[in-house]
Amino acid sequence: MINMFCLSEFSAEKAAVLNAKKTLKIKTLIKFIMTENKTNPLLIVNQLNKTVSSPDGNLELLSNINVTIHSAQSIAIVGASGAGKSTLLAILAGLDTPTTGKVQLDDVDLFSLDEDGRAQLRGRLIGFVFQSFQLLPSLTAIENVMLPLELLSVPDAFEKASRVLARVGLEKRANHYPRQLSGGEQQRVAIARAFAVEPKILLADEPTGNLDMKTGEKIIELLFSLNNELGTTLILVTHDEKLASRCDRKLHMETGMLSEIV
């Protein structure tokens with residue numbers, strides 16, 4: 001005669017094994033999806049060139065730039081002043097246009113769009129951190145952070161701006177104007193503004209250039225911390241080799257040409 005207790009125990013054990021297998025399959029599927037998403041290129045630059053006219057003839061600012069950047073990567077672009085780093089950053093953001101070449105951002109051909117279309121795409125996908133902060137002097141800290149949210153008609157802009165301003169440690173300075181803030185505080189407001197819309201890509205042009213070393217180090221820690229939390233792709237222009245070494249990849253620009261440092 002079959003022992004019903006043993007049969008019950010066997011059934012429970014079998015069910016546990018089946019549940020474990022099911023859970024493993026689900027975890028494997030999720031991991032696969034996350035890996036696939038992470039490996040999809042967010043930004044593809046193909047044969048990009050930028051030439052401007054000068055009294056001495058045409059001046060080539062960018063020459064045959066080719067680079068592919070994936071989601072959640074951090075990229076440092078290094079090189080001497082005048083090498084073309086900021087020009088490249090402006091084109092990647094759609095703020096400037098190339099002479100020839102293509103930029104594909106989140107599966108969209110950036111320069112197939114008109115200026116308004118590029119502005120809308122930029123507002124949704126890109127955050128900026130500049131060397132000179134670029135805060136509006138007539139707006140308070142909280143109002144500066146709210147601005148990109150309001151331009152996108154995001155609901156509860158004040159609440160969202162308040163949360164991100166608190167994240168950078170400036171909740172008590174929310175109603176202060178830029179002139180009432182130190183350089184480091186202004187850059188923290190700028191970082192909060194950049195991350196407020198949870199952009200897919202963050203462009204930072206010498207974000208510590210106007211700060212002393214100690215303040216600059218705090219700003220960089222904050223920048224990388226927020227970047228990791230949100231899984232944002234970071235493209236950073238810098239002269240700071242120590243800062244560049246923290247990034248996943250390092251690209252070197254010289255006389256308008258871009259190469260990867262391995």
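The values are calculated or read from the model by the stated rules, or taken from the named source; none is laboratory data. Since the model is a prediction, treat every value here as computed from it, not as a measurement. Using ideal geometry, Cβ is built from the backbone for each residue, glycine included, and neighbour counts are taken over all protein chains shown.
Might you check whether a residue that is over 15 Å from the mean Cα position of the chain (by Cα), part of a loop (DSSP other than H, G, I, E, B) and aliphatic (A, V, I, L, M) occurs anywhere in region 185-202?
no
Search region 237-262 for residues that are under 11 Å from Val78 (Cα atoms) and pair each with any residue that is basic (Lys, Arg) and surrounded by 13 or more Cβ atoms within 10 Å (Cβ to Cβ) when their beta-carbon atoms are under 6 Å apart and the residues are at least 6 apart or on different chains.
Close Cβ pairs (under 6 Å, with a partner that is basic (Lys, Arg) and surrounded by 13 or more Cβ atoms within 10 Å (Cβ to Cβ)) amount to Val237/Lys85; Ala244/Lys250; Met253/Lys85; Ile261/Lys250.
Under 7 Å between Cβ atoms, which residue pairs at least 6 apart in sequence (or on different chains) link something in region 45-57 that is free of Cβ contacts under 8 Å to residues at least 24 places away in the same chain with a partner that is surrounded by 15 or more Cβ atoms within 10 Å (Cβ to Cβ)?
Val52/Leu61
Output the number of the condition that Asp56 fails; it satisfies all remaining conditions of (1) modelled with pLDDT of 90 or more; (2) surrounded by fewer than 19 Cβ atoms within 10 Å (Cβ to Cβ).
Status for Asp56: all satisfied but (1).
Would you be able to tell me the number of residues in region 42-53 that are surrounded by fewer than 15 Cβ atoms within 10 Å (Cβ to Cβ) and modelled with pLDDT under 95?
Counting residues in region 42-53 that are surrounded by fewer than 15 Cβ atoms within 10 Å (Cβ to Cβ) and modelled with pLDDT under 95 gives 2.
Scan region 89-101 and report the pairs whose first residue is more than 14 Å from Gly256 (Cβ to Cβ) and whose second residue is part of a loop (DSSP other than H, G, I, E, B), with Cβ atoms within less than 8 Å and a gap of 6+ or a chain change.
Gly94/Leu113
Can you spot a residue in region 175-185 that is among the aliphatic types (A, V, I, L, M) and either under 15 Å from Ile142 (Cβ atoms) or outside the structural domain of Ile126 (by TED's automatic domain parsing) (or both)?
The answer is yes, given that some residue of region 175-185 is among the aliphatic types (A, V, I, L, M) and either under 15 Å from Ile142 (Cβ atoms) or outside the structural domain of Ile126 (by TED's automatic domain parsing) (or both).
For region 148-190, name all the residues that are surrounded by 17 or more Cβ atoms within 10 Å (Cβ to Cβ), closer than 22 Å to Ala119 by Cβ and touching a Lys or Arg at 6+ places or on another chain (Cβ under 7 Å).
The answer is Pro148, Leu149.
For region 227-242, state whether one or more residues are surrounded by 20 or more Cβ atoms within 10 Å (Cβ to Cβ) and part of a loop (DSSP other than H, G, I, E, B).
There is at least one residue in region 227-242 that is surrounded by 20 or more Cβ atoms within 10 Å (Cβ to Cβ) and part of a loop (DSSP other than H, G, I, E, B).
Do we find that Gly169 is assigned by TED's automatic domain parsing to the domain that holds Leu243 and in a helix (DSSP H, G or I) in this structure?
no
Regarding Leu170, is this residue in contact with an Asp or Glu (Cβ under 7 Å, 6 or more places away or on another chain), at pLDDT 95 or above and under 23 Å from Ile126 (Cα atoms)?
Here the answer is no, as Leu170 does not meet what is asked.
Being within 28 Å of Arg246 (Cα to Cα), touching a strand residue (DSSP E or B) at 6+ places or on another chain (Cβ under 7 Å) and of a type outside the set (A, V, I, L, M, F, W, C) is the filter here; which residues of region 77-115 pass it?
Gly79, Gly84, Lys85, Ser86, Thr87, Gln104, Asp106
Please state which one of Leu152, Leu165, Leu95, Leu121 is closer than 18 Å to Asp205 by Cα and of a type in the set (A, V, I, L, M).
Leu95
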